[in-house]
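K.L.:
First the structure, which I've put down as structure tokens, then a few questions once you've had a look.
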Amino acid sequence: MSSPRYAAIAGWGMAVPRRVVTNDELAQRLDTSDEWIRTRTGIAQRHVAGPDEFTSVLAARAGREALERAGMAPEAVDTVIVATCTPDRPFPATACTVQAALGMPRAGAFDLAAACSGFVYGLSVGSALVQSGMSRSVLLIAADIFTHLIDWNDRNTCVLFGDGAGAVVLRASEQPLGLLSSNIGAWGEGETLMAVDAGGTLLPATPALLEERRQYVYMNGREIFKHAVRGMCESSERAVADAGLTMDDVALVVPHQANVRIIEAVAKRLELPMERFFVNLDRYGNTSAASVPIALYEAVQQGRVHAGDHVLLTAFGGGLTWGSALIRWGA
Ligand code: UT7
């Protein structure tokens with residue numbers, strides 16, 4: 001049997017925790033304000049996971065919805081990928097927990113760590129599995145409980161992030177649908193521009209390190225901002241060109257939702273109007289790997305994406321990592 005040429009997006013799902021935390025709520029216990037957060041980031045609120053809403057729980061919810069929408073039985077899934085930098089445990093992979101939770105006995109399962117770029121990385125890997133013929137179908141889930149890594153006393157970071165999960169089903173197709181081109185990139189020299197230092201093999205968590213709050217994320221916001229704009233623009237241009245298209249052919253850009261000012265800077269540099277960008281970070285904040293699939297989900301639900309549309313996904317995150325994917329919508 002010859003390999004299918006394409007991996008269509010046959011289903012999509014999302015999940016966010018119950019609890020909503022507004023900027024005003026943060027301002028009650030931190031030296032910040034709704035005005036500062038809105039004007040510097042565009043964020044108004046975020047969802048924050050409770051103790052029963054760990055990564056595999058949100059991942060399974062999003063994955064189940066994506067399978068239902070695709071009309072696919074869990075037993076038919078060949079591979080499940082969970083893109084996350086906040087797994088349930090150091091090991092085994094959260095994808096294994098999801099494999100059991102959704103009842104996908106045939107599925108190979110692995111996690112993929114590319115921080116906020118995780119979904120775009122996963123879309124490249126998952127589509128390649130389908131296009132090579134190694135998997136007929138892939139359930140790709142991006143899920144992060146990023147607030148687990150947050151120091152709620154650090155106003156530089158805690159106002160920016162929220163929790164969530166998004167998922168897509170990739171299914172073999174002979175129609176020119178799904179991923180048409182993609183590229184992924186990284187710059188390891190920038191690893192400490194945004195990182196969590198303690199808790200791995202480099203610095204195993206000790207009481208002293210916990211006391212110093214080294215289990216939490218730190219970040220050089222201004223530097224990340226500059227790299228994000230450059231990384232997303234260059235990789236977007238490449239993805240569009242590699243698909244044999246121009247920016248005029250792109251119906252909608254679904255960018256990583258970190259800061260509306262980053263998205264505005266990308267729009268300006270790509271010479272595209274903001275109307276062509278989907279933005280929902282006002283309600284979710286930066287949900288790390290989940291940000292792009294949650295935005296894609298809402299764009300579809302709101303009728304912003306139509307069959308046959310070319311949609312550009314672009315992301316940037318810790319690592320540093322980045323990537324873009326040009327997809328053609330339709331199941
Ligand atoms: O997925 C990738 C993850 N990371 C990112 O995307 C982050 C990218 N960077 C950004 O989004 C922006 O750089 C931030 C939103 C993090 C910061 O915005 P900025 O315009 O670059 O502000 P800044 O870092 O230059 O800080 C301006 C001021 C500082 O005070 P001083 O030194 O000027 O007196 C900060 O201390 O704002 C202060 N500040 C705050 N004030 C009120 C920082 N955080 C807050 C806060 N509330 N939450």
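The values are calculated or read from the model by the stated rules, or taken from the named source; none is laboratory data. Note that this is a predicted model, so its numbers are computed, not measured. Backbone-built Cβ (ideal geometry, glycine too); neighbour counts: all protein chains shown. What goes into the accessible areas is simple: the full protein's heavy atoms, side chains included, and nothing from ligands, DNA or RNA. Shrake-Rupley method; radii C 1.70, N 1.55, O 1.52, S 1.80 Å.
K.L.:
Looking at the range 187-200, can you tell me whether even one residue there is within 16 Å of the ligand (Cβ to nearest atom) and open to solvent by less than 10 Å² (accessible area, probe 1.4 Å)?
P.N.:
yes
K.L.:
Of Gly164, Gly133, which residue is more than 20 Å from Ile224 (Cα to Cα) and within 16 Å of the ligand (Cβ to nearest atom)? Spell out the reasoning first.
P.N.:
Values: Gly133 fails: within 16 Å of the ligand (Cβ to nearest atom).
On inspection, the qualifying residue turns out to be Gly164.
K.L.:
Can you find a residue that is crowded, with 24+ Cβ neighbours inside 10 Å and closer than 21 Å to Tyr216 by Cβ anywhere in the range 92-105?
P.N.:
Yes, because at least one residue in the range 92-105 is crowded, with 24+ Cβ neighbours inside 10 Å and closer than 21 Å to Tyr216 by Cβ.
K.L.:
Here's something else I'd like to know. Is it true that some residue in the range 149-172 is touching a His at 6+ places or on another chain (Cβ under 9 Å) and part of a strand (DSSP E or B)? Please lay out each step first, then the result.
P.N.:
So in the range 149-172, the residues touching a His at 6+ places or on another chain (Cβ under 9 Å) come out as 162-164.
Restricting the remaining residues to those that are part of a strand (DSSP E or B) gives 163-164.
Yes.
K.L.:
Would you check which residues across the range 78-91 are surrounded by fewer than 17 Cβ atoms within 10 Å (Cβ to Cβ) and either in a helix (DSSP H, G or I) or of a type in the set (A, V, I, L, M, F, W, C) (or both) and list them? Before you say what the answer is, go through the steps one by one.
P.N.:
To start, the set of residues in the range 78-91 that are surrounded by fewer than 17 Cβ atoms within 10 Å (Cβ to Cβ) comprises 89-91.
Within the range 78-91, just Phe91 meets the criteria.
K.L.:
Would you mention how many residues in the range 92-118 are out of contact with any helix residue (DSSP H, G or I) (no Cβ under 7 Å at 6 or more places or on another chain) and either aromatic (Phe, Trp, Tyr) or not in a loop (DSSP other than H, G, I, E, B) (or both)? Steps first, please.
P.N.:
Our first condition is that a residue be out of contact with any helix residue (DSSP H, G or I) (no Cβ under 7 Å at 6 or more places or on another chain); within the range 92-118, this holds for 92-93, 95-96, 99-100, 108, 113, 117.
Among the residues that remain, those that are also either aromatic (Phe, Trp, Tyr) or not in a loop (DSSP other than H, G, I, E, B) (or both) are: 95-96, 99-100, 108, 117.
Count: 6.
K.L.:
Next up: When you check Arg283 against the structure, is it charged (D, E, K, R) and touching a Leu at 6+ places or on another chain (Cβ under 9 Å), yes or no?
P.N.:
Details: charged (D, E, K, R): yes; touching a Leu at 6+ places or on another chain (Cβ under 9 Å): no.
So Arg283 fails the test.
K.L.:
Then there is this: Restricting attention to the range 193-222, which residues are over 19 Å from Thr86 (Cβ atoms), in a helix (DSSP H, G or I) and within 22 Å of the chain's Cα centre (by Cα)? Outline the logic, then answer.
P.N.:
Kept after step one, since they are over 19 Å from Thr86 (Cβ atoms), are these residues of the range 193-222: 206-208, 211-212, 220-222.
Then drop every residue that is not in a helix (DSSP H, G or I), which leaves 207-208, 211, 221-222.
Residues satisfying the conditions are Gly221, Arg222.
K.L.:
Ala142: within 16 Å of the ligand (Cβ to nearest atom), surrounded by fewer than 19 Cβ atoms within 10 Å (Cβ to Cβ) and within 30 Å of Pro176 (Cα to Cα), yes or no?
P.N.:
Working: within 16 Å of the ligand (Cβ to nearest atom): yes; surrounded by fewer than 19 Cβ atoms within 10 Å (Cβ to Cβ): no; within 30 Å of Pro176 (Cα to Cα): yes.
In short, no.
K.L.:
Under 6 Å by Cβ, and 6 or more places apart or on different chains, what pairs join a residue from the range 273-298 that is outside the structural domain of Glu65 (by TED's automatic domain parsing) and open to solvent by less than 10 Å² (accessible area, probe 1.4 Å) with one that is more than 14 Å from the ligand (Cβ to nearest atom) and of a type in the set (Phe, Trp, Tyr)?
P.N.:
Ala295/Phe278
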